[in-house]
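The values are calculated or read from the model by the stated rules, or taken from the named source; none is laboratory data. Everything quoted here is computed from the prediction, not taken from an experiment. Backbone-built Cβ (ideal geometry, glycine too); neighbour counts: all protein chains shown.
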């Protein structure tokens with residue numbers, strides 16, 4: 001049961017993160033060529049909204065993998081990436097967003 005919760009939390013968090021990034025860019029007047037996670041991440045990096053596109057793109061791959069695999073070893077590897085890479089990156093990005101909101 002814990003595995004399902006990890007999977008769902010990761011999926012929801014990822015979906016929310018890239019869509020917030022997309023909304024922020026659109027709100028700032030950036031016209032996005034395409035509306036897909038990869039396209040938004042690439043344009044966000046080009047527009048200097050994020051500085052770690054490789055981690056974001058790896059997160060996209062892992063999100064897809066989590067949705068389509070039942071391999072426990074792969075699942076555990078993604079859990080490690082969540083803890084070591086994605087969570088710290090998303091926490092830092094969240095704090096940046098809060099700072100922008102507070103000083104806007």
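Within region 47-83, the set of residues being under 19 Å from residue 97 (Cα atoms) and touching a helix residue (DSSP H, G or I) at 6+ places or on another chain (Cβ under 9 Å) comprises 47, 49, 50, 51, 52, 53, 55, 56. The single condition from (1) under 16 Å from residue 16 (Cβ atoms); (2) surrounded by 13 or more Cβ atoms within 10 Å (Cβ to Cβ); (3) without any contact (Cβ under 8 Å) to a residue 12 or more places away in the chain that residue 91 fails is (2). Mind checking whether some residue in region 31-51 is surrounded by 16 or more Cβ atoms within 10 Å (Cβ to Cβ), more than 10 Å from the chain's Cα centre (by Cα), within 21 Å of residue 95 (Cα to Cα) and in contact (Cβ under 8 Å) with a residue 40 or more places away in the chain? Yes, that holds for at least one residue. Among the residues in region 59-79, are any loosely packed, with under 12 Cβ neighbours inside 10 Å and at pLDDT 95 or above? Scanning region 59-79 turns up no residue that is loosely packed, with under 12 Cβ neighbours inside 10 Å and at pLDDT 95 or above. Among residues of region 12-27 that are on the phi > 0 side of the Ramachandran plot and exposed (fewer than 12 other Cβ atoms within 10 Å of the Cβ), none has a beta-carbon under 9 Å from a residue that is assigned to a helix (DSSP H, G or I) and at pLDDT 95 or above at least six positions away or on a different chain.
When the helices (runs of 4 or more DSSP H) confined to the chain are screened for residues that are in contact with a strand residue (DSSP E or B) (Cβ under 6 Å, 6 or more places away or on another chain), none reaches at least 3 such residues.
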